[in-house]
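The values are calculated or read from the model by the stated rules, or taken from the named source; none is laboratory data. Small disclaimer: the values here were computed from a predicted structure and weren't measured. In this analysis, Cβ positions are derived from the backbone assuming ideal geometry, glycine residues included, and neighbour counts consider all displayed protein chains. Keep in mind that these areas ignore ligands, DNA and RNA; they rest on the heavy atoms of the full protein, side chains included. Shrake-Rupley method; radii C 1.70, N 1.55, O 1.52, S 1.80 Å.
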Amino acid sequence: MNLPLEPGSYLLVLTGAGISAESGIPTFRDADGLWQGHSLEEVASPEGFARDPRTVWRFYAERRADLASAAPNAGHRALVEVEERLGDRFLLVTQNVDGLHTAAGSRRVVELHGNLMRSRCTGCDRWPFKDSTVYRPNGLPICGRCRAKGRNALLRPDVVWFGEPMPRDGMLRIQAFVDAAGPRLRYLAVGTSGVVYPAAAFVDAVRGRGGQTWLVNAELPANADSFDHVEIGPAGTLLPALLASPAAAAAAL
Ligand code: OAD
């Protein structure tokens, strides 16, 4: 199947952990609801961090180390190619914190859940900064700016945890894109289990505005019934065909 993008149409894409699975990054819910042996609440909530910051930091430091050997796959690259065709009529929203879309070359990206390779301070309004810190068993990372003022504020990964708000600028950007697209909006969700909001509700918002919706996933997700078109299989194989330019799709027949 090919996703038809008539002249003037807009494409909003949502990606989840499934698109990075073929890059070797484990998804969240595919293994008994555990994420690398931890409950999501333990390592992805402000309460978990307050209770045991060492476990949370060790966990994210390991995820940072995993990323060092991960590279974008054919699914990420197919999204770069379609963005090159559509320009500002394309927007990619990702729940992933791995940065692989940007590494592949995507430019119009909203990182809804933050970025694993950034940290921010829990005690001051210092801007989030690039950080590849690995775990130090005998110490927790402290904000250098706060320390200079005699305070001991912990750094934390710049990721959105359960119960925390989505980045406001990202949500506004999505809203502006959807408003500009109107009925010319096409929506594609890839590799997400459809249980984490607000992203899980995007499909209904698009359909409510008369937009067409597509899903690519390894299995039927929780919100599969909301989509007009469903393709089951690996994103790295399905996306290049689904998003091929009309000329490339015709040549492949
Ligand atoms: P999940 O792990 O919940 O879901 C991943 C989905 O991808 C599943 O439905 C898999 O079937 C599918 N999948 C696996 N391999 C695939 C492949 N090669 N091609 C296509 N699909 C594949 O991940 P998310 O839905 O992204 O949030 O999870 C959403 C959020 O929940 C995460 O961002 C994270 C987590 O808690 C926070 O940490 C705040």
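Figure legend. Inter-residue proximity from the stretch 197-212: first residues under 16 Å from LEU91 (Cα atoms), second residues among the basic types (Lys, Arg), beta-carbon distance below 9 Å, spacing 6+ or different chains. Indicated pairs: VAL206/ARG186; GLY211/ARG184; GLY211/ARG186; GLN212/ARG186. Of all residues in the stretch 221-242, those being open to solvent by 40 Å² or more (accessible area, probe 1.4 Å), within 12 Å of the ligand (Cβ to nearest atom) and part of a loop (DSSP other than H, G, I, E, B) number 2.
Here ASP30 meets the list (1) within 12 Å of the ligand (Cβ to nearest atom); (2) more than 23 Å from PRO165 (Cα to Cα); (3) at pLDDT below 95; (4) open to solvent by less than 70 Å² (accessible area, probe 1.4 Å) almost entirely, failing just condition (4).
Can we say ARG168 is over 19 Å from the mean Cα position of the chain (by Cα), within 26 Å of CYS121 (Cα to Cα) and either open to solvent by less than 20 Å² (accessible area, probe 1.4 Å) or of a type in the set (D, E, K, R) (or both)? It would help to see each step written out before you state the result.
Working: over 19 Å from the mean Cα position of the chain (by Cα): no; within 26 Å of CYS121 (Cα to Cα): yes; either open to solvent by less than 20 Å² (accessible area, probe 1.4 Å) or of a type in the set (D, E, K, R) (or both): yes.
The answer is no for ARG168.
Is it true that SER245 is within 9 Å of the ligand (Cβ to nearest atom), of a type in the set (S, T, N, Q) and either at pLDDT below 95 or within 19 Å of ASN96 (Cα to Cα) (or both)? Write out each step before concluding.
Values: within 9 Å of the ligand (Cβ to nearest atom): no; of a type in the set (S, T, N, Q): yes; either at pLDDT below 95 or within 19 Å of ASN96 (Cα to Cα) (or both): yes.
No.
Any residue in the stretch 208-220 that is near the ligand (Cβ under 10 Å from one of its atoms) and on the phi > 0 side of the Ramachandran plot? No, the conditions are met nowhere in the stretch 208-220.
Counting the residues of the stretch 97-125 that are touching a Gly at 6+ places or on another chain (Cβ under 7 Å) and part of a loop (DSSP other than H, G, I, E, B) gives 2.
The lone criterion from (1) within 16 Å of the ligand (Cβ to nearest atom); (2) open to solvent by 10 Å² or more (accessible area, probe 1.4 Å); (3) under 30 Å from ALA201 (Cα atoms); (4) not charged (D, E, K, R) left unmet by PHE59 is number (2). Would you mention how many residues in the stretch 175-219 are open to solvent by less than 60 Å² (accessible area, probe 1.4 Å) and in contact with a Phe, Trp or Tyr (Cβ under 8 Å, 6 or more places away or on another chain)? Total meeting the criteria: 16.
For ARG54, the test of being touching a Phe, Trp or Tyr at 6+ places or on another chain (Cβ under 8 Å) and more than 16 Å from the ligand (Cβ to nearest atom) is failed. Apart from one condition, ALA205 fits all of (1) more than 12 Å from the ligand (Cβ to nearest atom); (2) assigned to a loop (DSSP other than H, G, I, E, B); (3) within 19 Å of LEU112 (Cα to Cα); the exception is (2).
If you check VAL80 against the conditions, is it open to solvent by less than 60 Å² (accessible area, probe 1.4 Å), at pLDDT 95 or above and assigned to a helix (DSSP H, G or I)?
On the way: open to solvent by less than 60 Å² (accessible area, probe 1.4 Å): yes; at pLDDT 95 or above: yes; assigned to a helix (DSSP H, G or I): yes.
Against the criterion (open to solvent by less than 60 Å² (accessible area, probe 1.4 Å), at pLDDT 95 or above and assigned to a helix (DSSP H, G or I)), VAL80 qualifies.
Taking (1) within 15 Å of the ligand (Cβ to nearest atom); (2) open to solvent by 40 Å² or more (accessible area, probe 1.4 Å); (3) in a loop (DSSP other than H, G, I, E, B) in turn, SER69 satisfies each apart from (1).
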